[in-house]
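Below: the structure, in structure tokens.
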Amino acid sequence: MDDYDTQPDRKPPPGPELSPARLQADELDLNAGLSGLAGIVAGAYSIDKTLSQIAQFAVQAIPDAGGAGVTLIHPYDADTVDELRIQAWSGTAEFVRSIDTLQYEKLGEGPCITCIQSRRPAVTGSLGSDRRWPHFGGSVARMGVHSVLALPLIVGDTVVGAISSYAYGKDAFAEHAIQLGSQFAGPAAVSVYNTQLLANTQLRTKQLQQALHSRAVIDQAIGIIRGRTGTSAEDAFDRLTRISQREHTKLADVAEKLVDEAVRQARARQQ
């Protein structure tokens, strides 16, 4: 496998010869991570909790990973990753969360951002000397973390996020780790995508329900004003709008207040 971005102007030392026992153990760990992914039930947990689970399985599946993070980008940024906006991200350890805070919130550069933009894995074995991320690399190296493997999460033609795996030692992620990590990234992308799709659907449903409720309350308020004043529906709506603007209050809140007051008055008359 050679379709990935590696550190320019630096040739890492050859990786150790892996024994059959080590290869078998790594394969078992990969299968365990994939099995964990298969057991994730979309909607059973929040987005943050689900991403945290996927990150834990990534540590299990990727050889020599000391920690991992999973990032989800906004779906409408999939084709405009030069202006990347993060919807959610989660890590397996505090040092991972600190690193990704630097990457996403403070510096705007790093291996995950690069792999999302290039749609290719990005790997480095000496962050402190990697000129691709001059500010990020030095800061992370001073934390004692020197190796990173970042994998884009792609479903069809759409990038939905990335997995970042970190190690304290230099040159931790050789060809073998990149291969296994890439095998894990495919199913992980599907899990992330399904989680995002369900969360966005639930959000749109909630927004629609709120909009329908607001429309119903506004219509009720218009009816109350018309009943009291004999004005047209348009004039009643204009009156609501003027109150909203004068009180710097949402139109739906003004309407709900008017409806609640009318209900209280009606109940008082019945007593």
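The values are calculated or read from the model by the stated rules, or taken from the named source; none is laboratory data. Predicted model, so just to flag it, every value in this text is computed and none were measured. For neighbour counting, all protein chains shown are included, and Cβ atoms are generated from backbone atoms with ideal geometry for every residue, glycine included. Side chains are part of the model used for accessible areas, which takes the heavy atoms of the whole protein and leaves out ligands, DNA and RNA. Shrake-Rupley method; radii C 1.70, N 1.55, O 1.52, S 1.80 Å.
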Angle between the chain longest axis and helix 20-38 axis [Cα atoms, degrees, rounded to 10]: 10
Structure-based [θ]222 nm, the chain - -39500 (n - 2.57) summed over DSSP H runs of at least 4, per residue, nearest 500: -18500 deg cm²/dmol
Cα-based helix-to-principal-axis angle, 233-247 vs the chain, degrees rounded to 10: 60
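For the chain, what ratio Rg/Rh do Cα atoms give with a Kirkwood hydrodynamic radius? Each step should come with its number before you reach the end.
Values: Rg = 26.6 Å, Rh = 21.6 Å.
For the chain, the value is 1.23.
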The chain: relative contact order in percent, alpha carbon pairs under 8 Å with at least 6 residues between: 18
Rounded accessible area of residue 46 (nearest 10 Å², 1.4 Å probe): 70
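Restricting to the chain, compute how many DSSP beta bridges are antiparallel as a %, nearest 5.
Values: 23 of 24 bridges.
Percent antiparallel among DSSP bridges in the chain is about 95.
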Centre separation in Å (Cα based) which lies between region 113-168 and region 209-253: 53
Cα-based reach from residue 257 at 30 Å (exclusive), listing lysines while leaving out same-chain residues under 8 positions away: 206
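For region 116-271, what is the convex hull (Cα atoms) projected area averaged across all directions, in square nanometres?
Details: hull surface 67.6 nm².
Mean shadow area of the hull around the Cα atoms is 16.9 nm².
Checking the a/c ratio against 1.5 first, then a/b against b/c, what shape does the Cα gyration tensor give for region 1-136? Don't jump to the answer; show the numbers that get you there.
Values: a/c = 1.82, a/b = 1.04, b/c = 1.75.
Taking the square roots of the gyration eigenvalues as a ≥ b ≥ c, region 1-136 is oblate.
When a/c reaches 1.5 or more, the comparison of a/b and b/c decides; with that in mind, is region 102-192 rounded, prolate or oblate per its Cα gyration tensor?
Oblate is the answer for region 102-192, as a/c is 1.5 or above yet b/c matches or exceeds a/b.
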Between 0 and 90°, nearest 10: helix 47-61 axis offset from the chain longest Cα axis: 10
Cross-link partners of residue 106 among lysines (Cα-Cα below 30 Å; sequence separation of 8 or more within a chain): 11, 49, 170
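What dipole magnitude, in Debye to the nearest 20, does the chain give about its Cα centre under +1 on Lys/Arg Cβ and -1 on Asp/Glu Cβ? Mind showing how you got there, number by number?
Details: 26 positive and 31 negative charges, 282 e Å.
The dipole of the chain has a size of about 1360 debye.
Carbon and sulfur: what percent of region 51-171's accessible surface (1.4 Å probe)? List each step's numbers first, then the result.
Numbers: 2110 of 4580 Å².
Roughly 46 percent, rounded to a whole number.
Label region 135-188 by shape, choosing from rounded, prolate and oblate, from the square roots a ≥ b ≥ c of the eigenvalues of the Cα gyration tensor; if a/c is under 1.5 it is rounded, and otherwise prolate applies when a/b is larger than b/c, oblate when it is not.
Numbers: a/c = 3.58, a/b = 1.69, b/c = 2.12.
Oblate, since a/c reaches 1.5 and b/c is not below a/b.
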Inter-label distance, nm, simple model (7 Å from Cα along the C-beta direction), residue 246/residue 18: 7.4
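Compare 17, 109, 94, 247 by solvent-accessible area with a 1.4 Å probe and give them largest first, with all protein chains kept in place.
On the way: 17 175, 109 35, 94 115, 247 90 Å².
Sorted descending by solvent-accessible area, the residues read 17, 94, 247, 109.
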Paramagnetic label zone (point 7 Å from Cα along Cα-to-C-beta, residue 158; backbone N under 16 Å) in region 197-219: 197-205
